[in-house]
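What follows is a set of notes on a single structure, which appears directly below.
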Amino acid sequence: MRPLTEHDIRTSFVNCSKGEAKRLGLPRDLADHPWGDLDFLGWRDPGAPERAYLVADRDGLLVGVALRVTSGASRNFTARSMCSVCLTTHTSGGVALMTARRTGEAGRQGNTVGQYLCVDLACSLYTRGKREAAGGGVVDESLTVEEKVARTQSHLHAFLDKVTG
């Protein structure tokens, strides 16, 4: 992914108003992100922990999506959950259901789309082996890193298509 500016990020959102996009809390360390290893920029809002955001390049256009993070019931320490995008397994709350308001008329009627995602939205780094899940890990499989990246991107694009479709 190419490095993004604050302007790039704020103008990319498709499921919130311009005012909401202007007010959302951005990551403080944009310049320090490992852009070459990212399939999307994802972050939790430090001022509102129930909010998360992701911005992805979709066919040359940036698509930003505002997410709500469910606070789900406390999980058993040994219980494992799997991210639907990168297929990384986590223990103890490392995966959460995140919902996005759909675009257009469906969104105005209150329709949402949900996906189980890594709570830190570091799917790209897990896929590439740049970060390890605490108490979890990636499924033992024979795919190459490039194949895993392609699968992660495919799952991400399918989610974005549900939000915008």
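Things to note:
- Condition broken by MET1, with the remaining ones in (1) closer than 19 Å to LEU125 by Cβ; (2) out of contact with any helix residue (DSSP H, G or I) (no Cβ under 8 Å at 6 or more places or on another chain); (3) of a type outside the set (Lys, Arg) satisfied: (2)
- Only one of the listed residues (LEU54, LEU61) is aliphatic (A, V, I, L, M), under 25 Å from GLU146 (Cβ atoms) and out of contact with any strand residue (DSSP E or B) (no Cβ under 7 Å at 6 or more places or on another chain). That residue is LEU61.
- TYR53 vs. criteria out of contact with any Pro (no Cβ under 7 Å at 6 or more places or on another chain), within 19 Å of ARG23 (Cβ to Cβ) and of a type in the set (Ser, Thr, Tyr): yes
- Candidates ASP39, ASP59, ASP29 - the one that is charged (D, E, K, R) and over 24 Å from ALA158 (Cα atoms): ASP29
- Just one of the listed residues (THR144, THR127) is modelled with pLDDT of 90 or more and over 15 Å from the mean Cα position of the chain (by Cα), and it is THR144.
The values are calculated or read from the model by the stated rules, or taken from the named source; none is laboratory data. Bear in mind the structure is a predicted one, so any value in this text is a computation, not a measurement. Using ideal geometry, Cβ is built from the backbone for each residue, glycine included, and neighbour counts are taken over all protein chains shown.
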